[in-house]
Amino acid sequence: MERLPNVMKTILLDHGSGGRASQQLIGEVFLRYLDDPVLHRLEDCAVLEAQTGRLAFSTDSYVVDPIFFPGGNIGELAVNGTINDLAMRGARPLCLSLGLILEEGLAVDDLERIIAAIAGAGKTAGVPIVTGDTKVVPRGKADKIFINTSGIGVVDSDCEITADRAGKGDRIILSGTLADHGITILTRRAGLKVAGDLKSDTMALHTLVALLNSKLSGAVHTLRDPTRGGLATTLSEIAEATNLCMMLDETAIPIRPAVAAACELMGLDPLYLANEGKCTALVAADKADKVLALMRSTREGRDAAVIGEVTADYPGRVVLKTAIGGERLVEPLSGEPLPRIC
């Protein structure tokens, strides 16, 4: 990445003052990569064209440590994460906002890498950054960089994807392998080297969801992305909301060998580790095969698998049928043993 000669090497408090240094940072770093014309107007807010349909709105904050990791960095994680939050309600993402809290002393080179990743992720997804804000705090008052992204999307009037639609007999489909992001962050943080290609699964899922909705309208009842707390916590929330049982088949859950090995080494259960490019879909039983085939035809869902079904056996609980033929209750994550995953 070619450095600009007149940009300081580290972030200073002056870059958050709103004065000349702030304008230099905006002009020579942010606008160099984020080229949406609405953003370039630098108004206090973005004015969007009216849309047909129901508006969806989501916001999320990202404090992952480390900020760079195999498969991505905090910037693209923020873009993809908020897009996925919108997609889990069947929304078509329109645009994002970008809020940055920078620590004094952050290397401008690192900031440029992150902004370039944000721009790249937005362009890949076709979702622009249209407004934003930057604040700088003194050394020790943050950890390099924190990011907030908010997103606006549109949900078609005939699309209804909620936990309330989950029903007895629904099949549970996971769109890909489990725990890739969580174990990548944890091994990198611990300085562990594990054989195999460990990397984050961060990616946007809105095109996958849009394909399912257009080709198999109404087949998908519920969508969730199993981020913090992992698959176990996500399904526990659905089970509690519906008073139904999420019955999982341990042998059907796709996990990469390197991930399984790293989890065993660290004594971690992959059911509780974060994912940043996977979704869990509860779908009508008679459409499950078609949903699975359609998922597998895409880059985002090529490793998709049916991992269980919704039953009334243990109301409000998640149950795992183990590889040795037994059953065990799967509780939601308690406490915060795995901090700074996203």
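FYI, it's all coordinate maths here, none of it is from the lab. Just so it is clear, the structure is predicted and the values come from calculations on it, not from any experiment. Cβ atoms come from the backbone with ideal geometry, glycine included; neighbour counts cover every protein chain shown.
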Ranking of C263, C95 by count of other Cβ atoms within 10 Å, fewest first: C95, C263
Residue among L198, V291, L25 farthest towards the positive dipole end of the chain, charges placed on Cβ: L198
Percent of C-alpha pairs per 10 Å bin, segment 1-72, short to long: 13, 29, 38, 16, 3
Normalised contact order of the chain, rounded percent, pairs of Cα under 8 Å and 6 or more residues apart: 22 percent
Largest-first principal axis extents of the Cα set of segment 224-342 (Å): 39, 35, 30
Whole-angstrom gap from segment 240-305 to segment 216-234, using each part's C-alpha centre: 9 Å
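So what are segment 36-101's ellipsoid semi-axes, whole angstrom, largest first, if each one is the square root of 5 times an eigenvalue of the alpha-carbon gyration tensor?
So the three semi-axes of segment 36-101 are 24, 17, 9 Å.
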Local electrostatic count, R328, Cβ distance below 14 Å [Lys/Arg +1, Asp/Glu -1]: -4
Placed amide H near A56: partners under 5 Å, 5+ positions off or other chain: G153, V154, V155
With 20 Å bins from 0: P(r) over the chain, alpha-carbon pairs, percent: 30, 54, 15, 0
Karplus (6.51, -1.76, 1.60) ³J(HN,Hα), θ = phi - 60°, over segment 97-107, in Hz, Gly and Pro reported as x: 9, 9, x, 10, 10, 9, 8, 3, x, 4, 5
Over segment 13-155: Rg over Rh, Cα atoms, Kirkwood Rh: 0.96
Long-range amide H partners of V318 with built H, under 5 Å: M246, V330
Residues F57, F68, F146 arranged by fewest to most Cβ contacts within 10 Å: F57, F68, F146
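Using Cα pairs under 8 angstrom and six or more residues apart, how large is the relative contact order of segment 105-201, in percent?
Working: 22 pairs, mean separation 18.8, N = 97.
Dividing the mean separation by the residue count of segment 105-201 yields 19 percent.
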³J(HN,Hα) computed for each position of segment 12-24 - Karplus, 6.51 cos²θ - 1.76 cosθ + 1.60, integer Hz, glycine/proline x: 10, 4, 4, 5, x, 7, x, x, 4, 5, 4, 5, 5
Residue (of I161, V130, L48) at the positive-pole extreme of the chain, dipole from beta-carbon charges: V130
Qualifying lysines (Cα of each under 28 Å from Cα of K135; at least 8 residues distant if same chain): K9, K123, K144
J(HN,Hα) series, segment 133-140, from Karplus relation 6.51 cos²θ - 1.76 cosθ + 1.60, nearest Hz, glycine and proline x: 7, 9, 10, 10, 10, x, 3, x
Cα-based convex hull volume of segment 139-195 per residue, rounded to whole Å³: 213 Å³
Pairwise Lys count, segment 163-330 - Cα closer than 18 Å, eight or more residues apart or different chains: 5
Footprinting exposure proxy for R302, R113 (fewest neighbouring C-beta atoms within 10 Å first): R302, R113
For the chain, built as a Gaussian network whose Cα springs stay under 10 Å, the top-fluctuating residue of H181, H221, H40: H40
Only Lys, Arg (+1) and Asp, Glu (-1) charged, at Cβ; segment 163-330 dipole about Cα centre in debye: 400 debye
